[in-house]
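> This is the structure, below, for whatever I ask next.
No lab work stands behind these numbers, since they all come straight from the coordinates. Worth saying up front: this structure is predicted, and the values here are computed from it rather than measured. Please note: Cβ atoms are built from the backbone with ideal geometry, for glycine as well, and neighbour counts cover all protein chains shown.
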Amino acid sequence: MSTSQNQQIQILKAASSKINEVDFDNVTFGSVFTDHLFECDYIQGAWQTPTIKPYAPFLLDPSARVFHYGQAVFEGMKAYKDTNDSIWLFRPDENYKRFNKSAVRMAMPEVPETIFMEGLNELLKLDQAWIKKGLGNSLYIRPFMIATGSGVMASPSDNYKFMILLSPAKAYYSGEVKVLIAEHYSRAANGGIGAAKAAGNYAAQFYPTSLANQAGFQQVIWTDDATHTMLEEAGTMNVFFRINDTLFTAPTSERILDGITRKSLIEIAQKEGIAVSVRPVLVSELVAAAKDGSLKEIFGAGTAAVVNPIAGFSYQEVYYELPKTENSYASLLKEKLTNIQNKLAEDSFGWTVKV
Ligand code: COI
């Protein structure tokens, strides 16, 4: 383990702030970054001095393994500001654990908790002016790690860079989305890296998703690679299906990301007295429920997406429009979740952590 994991963070402040150039009400998700970033290099088995410095491009050797073999993992988290200007994180320990789980799967070093958490806390304090108050506002946090070691041999790198970026965020999707159910392409397979937040899992979706976009759908709901009969996740979010008054969602697996919003919604729903069934959901039962009217809602859940209603789905060239449901589970669960995250309601689960 590192010789330097308890080192003080070195802080180099930006000469000026870009904050006044940002239109916070119209920011596109993931396109604007705060004045500073956090960085810590791992060189030949040791974590180096953690540093906060002005956000800027950096140099890498063209043979760095991340470019050739995609050795890269990331997380998605959010910070919120309450009415007293205190800053809050939502279940950061879950993101930290999942980050290192992803790192292990990709043969990368685990990031020590002090580096991850202290780096994040100090960065948030420094750039706290970028966190806007009020429901719908947040600061999206993108911790990530890349293999920086040079050489195109297909083996794990010796050197890595761990960084944290901050980006003011509103909704990921602007309104309801239409989805296509995958019949041929797959996001993940058993024994693969589907449960890791590995960069390549996202790149692998770009081509099939762009085909879906051309056909008028914003997202794909992936099905299991072996039979394409079970509904899995949507890549940017886990998915929930309401059939009659029961909420169904697929169990997490080697192929499905263990979403933190997903598991929080399951607990909130249960507390609200909603029946939740975590079990494989078949495409055939979804189609049958859409046909007989018992399918009331589909929604996605993720850190970036929060809770996003799905307007309808297409399967085998047939489009099934969902009914407009009053008192939808999606809006109830979104309200309960975001009120906890923004400290507008009591957090009886103990999920929020003050920075
Ligand atoms: C997140 O929700 O944080 C994600 O990582 C999804 C990403 C595609 C924006």
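> What is the fewest-to-most order of Arg279, Arg65 by other Cβ atoms lying within 10 Å of their Cβ? Present the calculation step by step, with values, prior to reporting the outcome.
Numbers: Arg279 10, Arg65 25.
Lowest count first: Arg279, Arg65.
> Rg over Rh of segment 295-355, using C-alpha atoms and the Kirkwood radius, what does it come to? Write out the running numbers ahead of the final one.
On the way: Rg = 15.1 Å, Rh = 13.5 Å.
Here Rg/Rh amounts to 1.12.
> 222 nm [θ] for the chain, helices only, -39500 (n - 2.57) per DSSP H run of 4+, per residue, to 500? Please list the in-between numbers first.
Values: 7 runs with 84 residues, N = 355.
Calculated at 222 nm, the ellipticity per residue is -7500 deg cm²/dmol.
> Okay, next question. Given the options Gln205, Ile9, Met145, identify the residue whose Cα lies farthest towards the positive end of the charge dipole of the chain (+1 on Cβ of Lys, Arg; -1 on Cβ of Asp, Glu).
Ile9
> What percentages, rounded to whole numbers, describe P(r) for segment 189-242 computed over all alpha carbon pairs with 10 Å bin width beginning at zero?
21, 56, 22, 0
> Using a Gaussian network model of the chain whose springs link C-alpha atoms within less than 10 Å, name the residue from Phe38, Phe206, Phe241 with the highest mean-square fluctuation.
For the chain, modelled as a Gaussian network with Cα springs under 10 Å, the answer is Phe206.
> Cross-link candidates for Lys354: which aspartates and glutamates have Cα within less than 18 Å, leaving aside residues fewer than 8 places away along the same chain?
Those aspartates and glutamates meeting the cut-off are Asp82, Asp85, Asp93, Glu94, Glu113, Glu118, Glu122, Asp127, Glu346.
> Still on this structure: Excluding Tyr140 itself, calculate the net charge of residues whose Cβ lies under 10 Å from the Cβ of Tyr140, where each Lys or Arg counts +1 and each Asp or Glu counts -1.
Values: positive: Lys78, Arg142, Lys170; negative: none.
Cβ neighbours under 10 Å give a net charge of +3.
> About its Cα centre, what dipole magnitude does the chain give when the only charges are +1 on Lys and Arg Cβ and -1 on Asp and Glu Cβ, stated in debye to the nearest 20?
Numbers: 33 positive and 38 negative charges, 64 e Å.
So the magnitude is around 300 debye.
> Evaluate the relative contact order of the chain (contact order divided by residue number), counting alpha-carbon pairs under 8 angstrom at least 6 apart; express in whole percent. All intermediate terms of the calculation are to be shown ahead of the outcome.
On the way: 744 pairs, mean separation 64.0, N = 355.
Reported relative contact order: 18 percent.
> Further question on the same structure: Taking the alpha-carbon centroid of each part, what is the distance from segment 121-165 to segment 35-95 in angstrom?
2 Å
> Now, a different point. Per-residue HN-Hα couplings for segment 135-148, Karplus 6.51 cos²θ - 1.76 cosθ + 1.60 at θ = phi - 60°, whole Hz, x for Gly and Pro?
4, x, 9, 6, 10, 6, 10, 10, x, 8, 9, 10, 7, 9
> Please work out how much length the chain gains when fully extended from Met153 to Phe206, using 0.36 nm per residue of separation minus the C-alpha to C-alpha distance, in nm with one decimal.
Details: separation 53, 0.36 × 53 = 19.08 nm, distance 2.65 nm.
Length gained between Met153 and Phe206: 16.4 nm.
> Relative to the Cα centre, what is the charge dipole magnitude of segment 178-341, using +1 at the beta carbon of each Lys and Arg, -1 at the beta carbon of each Asp and Glu, and rounding to the nearest 20 debye?
On the way: 14 positive and 17 negative charges, 71 e Å.
So the magnitude is around 340 debye.
> Further question: What residues have an amide H closer than 5 Å to that of Phe248, excluding those fewer than 5 places away on the same chain, when H is modeled at 1.01 Å from N in the peptide plane?
Phe241, Arg242, Ile243, Ser277
> Arranged by the count of other C-beta atoms within 10 angstrom, fewest first, what order do His68, His36, His184, His228 take? Don't skip to the end; give the middle numbers.
Values: His68 14, His36 25, His184 8, His228 17.
By the 10 Å Cβ count, ascending: His184, His68, His228, His36.
> OK, next. How big is the chain in terms of Cα radius of gyration and Dmax, in angstroms?
Using the Cα atoms of the chain, the pair Rg, Dmax is 20.8, 63 Å.
> Starting from 0 in steps of 5 Å, tell me what percent of the Cα-Cα pairs of segment 2-169 lands in each bin.
Spelled out bin by bin, segment 2-169 gives 1, 8, 18, 19, 20, 15, 10, 5, 2, 0, 0 percent.
> Can you give me the three principal axis dimensions of segment 99-182 from its C-alpha atoms, in Å, biggest first?
Each principal axis gives a Cα extent; for segment 99-182 these are 46, 43, 21 Å.
> Given a Förster distance of 35 angstrom, what is the FRET efficiency for Thr246 paired with Asp85, based on the Cβ-Cβ distance and rounded to 0.05? Could you put the intermediate results ahead of the total?
Details: r = 41 Å, r/R0 = 1.17.
For R0 = 35 Å, the calculated efficiency reads 0.30.
> Right, next: Looking only at Ala79, Ala196, Ala226, which one moves most when the chain is put into a Gaussian network model with springs between Cα atoms under 10 Å?
Result: Ala226 has the largest fluctuation of those listed.
> Calculate how large, on average over all directions, the projected area of the Cα convex hull of segment 178-341 is; give the answer in nm² to one decimal. Walk me through the numbers before you get to the answer.
Details: hull surface 35.5 nm².
The orientation-averaged projected area of the Cα hull of segment 178-341 comes to 8.9 nm².
> Let's see if you can work this out: charge +1 on each Lys and Arg Cβ, -1 on each Asp and Glu Cβ, no other charges. What is the dipole magnitude of segment 2-169 about its Cα centre, in debye to the nearest 20?
On the way: 16 positive and 18 negative charges, 52 e Å.
Here the size comes out at about 240 debye.
> If a paramagnetic tag sat 7 Å from the Cα of Glu254 along the Cα-Cβ line, which residues of segment 211-248 would have the backbone N under 13 Å from that point?
Once the point is set 7 Å along Cα→Cβ of Glu254, 225-226 turn out to lie under 13 Å by backbone N, inside segment 211-248.
> What residue among Val32, Val179, Val307 has the largest mean-square fluctuation in a Gaussian network model of the chain, using Cα springs under 10 Å?
Val32
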